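Please treat every number below as a calculation from the coordinates, not as lab data. What you see is a predicted model, and the numbers here were worked out from it, not measured in a lab. Methodologically, a virtual Cβ is constructed for each residue, glycine included, from the backbone with ideal geometry; neighbour enumeration extends over all protein chains shown.
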Amino acid sequence: MSSNLQLSNRMFIIGGFFCLIALIYICRLFYIQIIDDQYVLQAQNNALRAITEYPVRGYIFDRKGKLLVYNTPSYDLMVIPREAKNCDTASLCDVLGITKAEFLKRMKKACQAPNSPRKQSIFEKQMSPKLYAELQEKQYRYKGFFVQKRTVRRYPRPIAAHLLGYVGEISKEGAEKNSYYKEGDYIGITGIEKSYEESLRGKKGTQITITNVHNKTIGRYMDGKYDTAAVPGKPLYCTIDMDLQEYGERLMHGKRGAIVAIEPGTGEILCIVSAPAYDPNLLVSGKERSRNFTKLYYDSVNDPLINRALQGMYPPGSIFKLIDALIAQNDGLIHRSTSFPCAMGYPPMGGKPKCHRHGPVDLVGSVAQSCNSYYSYVFREIVDQKKYPNFIDGYTHWRDMVITFGPGTRLGTDLPFDKPGNVPSVNYYNKVFGKNAWRSNTIVSLGIGQAELTLVPLQMANVVASIANRGYYYTPHCVKGIGNEKQIHSKFKIKHYVGVQNPEYYLNVIDGMQLCLDGGTGYHSRVKDIVICGKTGTAQNPHGKDHAVFLAFAPRENPQIAIACIVENAGFGGTWSAPIVTLMIEKYLKGKTDRPELEKRIMDANLIENKNLLTEPKH
């Protein structure tokens, strides 16, 4: 009896054990089939795919709210090599217009470090909407391939290429240095696209999608529970006047050189023209971008990719005399009625540097008539002052004073790759001539803006802005607001005082600048109803024909614009640069120009191809 009872108990235990096992399996199957859908996905041969959501890059507006840069959709074809099985290779090659060899080459690259067969990488970048639509129709044939949406830049007007810059793929080294980026991502390469990259780029997001066996996206995983939204880039509000920028580029068509205009009271750059320029839409998308960039890069005749406004280091020529006049007055060496002899040149040096036919002039006349002899004397007066123990100390004083106006330094603008120009150091001349083997007469041409002295056009405009302000400047900048708050960096609100502060000294120089257009070397470029104060320059070029230079500000009281222009190999400043500058001033202050014949002459002139125009006589 007891044995039967024990046997019965064992059966109940064993049966209970099997029932428990069965219950566990049932519960597990219920969880797998009803609650946890990842197994359903696997059972249906579905796949989860994490897709980067690229943010919309920030728009860029001009000072009046006009759109300078916006975005349009672009599509990249991505591949995960490990999943690219049973792909209709022939069909894909036909759609993309590539050969089987090119297909295999790209697949091999996608499998190599830093890529991986398990990771997604770009197979075809920046496809057109038409190509994207064709791929979408046949995507079930291309397992392992999918399309990722991005945006590319577009420009409503083909202007300001050097200012705005362009966007391109980040380099391998760049991606390694910054964890935000990966190879294939886009980044600002030049211009304000580079300077304000962090504000413009926004923040990436991620979408986890479900893809079925036919390589078709059928929805978001967990209804997007684990997705992160992309954050759009912030808009930029530029200081640039789009209409003035476009007008300046039209005036500089067919010429090499630059124009920079600044609002003196704020340091805001109103226009920054580099010529020859190019249409920024050329460097936007796909295969065309690569071809266009190659053509622009190897155009050695025009060098259109060089931003001459920031990187062109030119001898300033006679416009530099304004700085010498201010320094000499500040040192008590000259005053309004001071004159020096001029026998069509600088007599102590055998008539060199040469000068024009005007005879002795006072300070105001020396500016208006641009007397080379006068400023040769002035330079030597400054550096040979008896209060300095030796000549080197005098030269160092002159150089230090010049640098306070901006030459010889990077101004700290918000545009990248600006050059500092050159104000030669004592060490430089010691190496060239030997220590203590050079004197003021050795380097006297510095006084008229020649020799090794060079400025970039941005510095030229900043010098005239300092004079317009009677002794100070704000750091020139191109962006006045970021995002909805429209705040600028605090450094752009700081006044930088130059080495000369006495208002009387500026009055004397400004009187000469006004007389330059009222009866001096810029007479033929005067503008009715606007008092313009300017200075012509003919900068000797050791590598070819002289450069034409002109700078000015207007109106005389409460100046609204300070501007400089250089036209390479164009000869006299009064012939080419002065008309360009005064037309720009007229356009900005009046909204129109009243000199159609002059405007047509400038716009039609091609100083690059037509060599006869380079030798046109001085007006």
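In plain terms, the chain from ASP384 to CYS19 could stretch by 120.3 nm, reckoned as 0.36 nm per residue minus the Cα-Cα distance.
The stretch between GLN112 and HIS335 holds 72.9 nm of extra length on full extension. This uses 0.36 nm per residue minus the Cα-Cα distance. Please report the antiparallel percentage of DSSP beta bridges with both residues in region 49-238, rounded to the nearest 5. Bridges in region 49-238 are about 95 percent antiparallel. Given in Å, the Rg to one decimal and the Dmax to the nearest whole number for the Cα atoms of region 45-115 are 18.5, 56. One entry in [x] 14, 22, 16, 14, 14, 13, 6, 0; [y] 17, 39, 23, 13, 5, 2, 1, 0; [z] 13, 23, 21, 15, 13, 9, 5, 2, 0 is P(r) over Cα pairs in 20 Å bins from 0, in percent calculated from the shown coordinates; its label is [y]. Just how many % of Cα pairs in region 109-192 lie over 17 Å apart, if you round to the nearest whole percent? Counting pairs separated by more than 17 Å, the tail of P(r) holds 62 percent.
Are there trypsin sites (Lys or Arg not before Pro) in region 415-458 that DSSP marks as loop and that have at most 12 other Cβ atoms within 10 Å, and which are they? Sparse-neighbourhood loop trypsin sites (Lys or Arg not before Pro): LYS435. Take THR228 and ARG291, extend 7 Å from each Cα along the Cα→Cβ direction, and tell me the distance between the two endpoints in nm. Here the modelled spin labels are 3.9 nm apart. Using the Cβ of ARG201 as centre and a radius below 10 Å, the other residues enclosed give a net charge of 0, where K and R count +1 and D and E count -1. The P(r) of region 49-238 has a tail past 22 Å containing 53 percent of all C-alpha pairs. When the Cα positions of GLY184, LEU411, MET252 are compared along the charge dipole of the chain, GLY184 comes out farthest toward the positive end, with charges on each C-beta of Lys, Arg, Asp and Glu. Applying 1/(1 + (r/R0)^6) with R0 = 56 Å to the Cβ-Cβ distance of LYS130 and LYS491 gives a FRET efficiency near 0.75.
Net length available on complete extension from ALA101 to ILE530 is 147.7 nm, with 0.36 nm assigned per residue and the Cα-Cα distance removed.
Shown is the FRET efficiency for GLU173 and CYS93, computed with R0 = 30 Å from the Cβ-Cβ distance and rounded to the nearest 0.05: 0.40. Between ASP400 and LYS600, the simple spin-label model (points 7 angstrom out along Cα→Cβ) gives 5.6 nm. Taking region 550-576 and a reference point 7 angstrom along Cα→Cβ of ASP518, the backbone N atoms nearer than 16 Å belong to 553-558.
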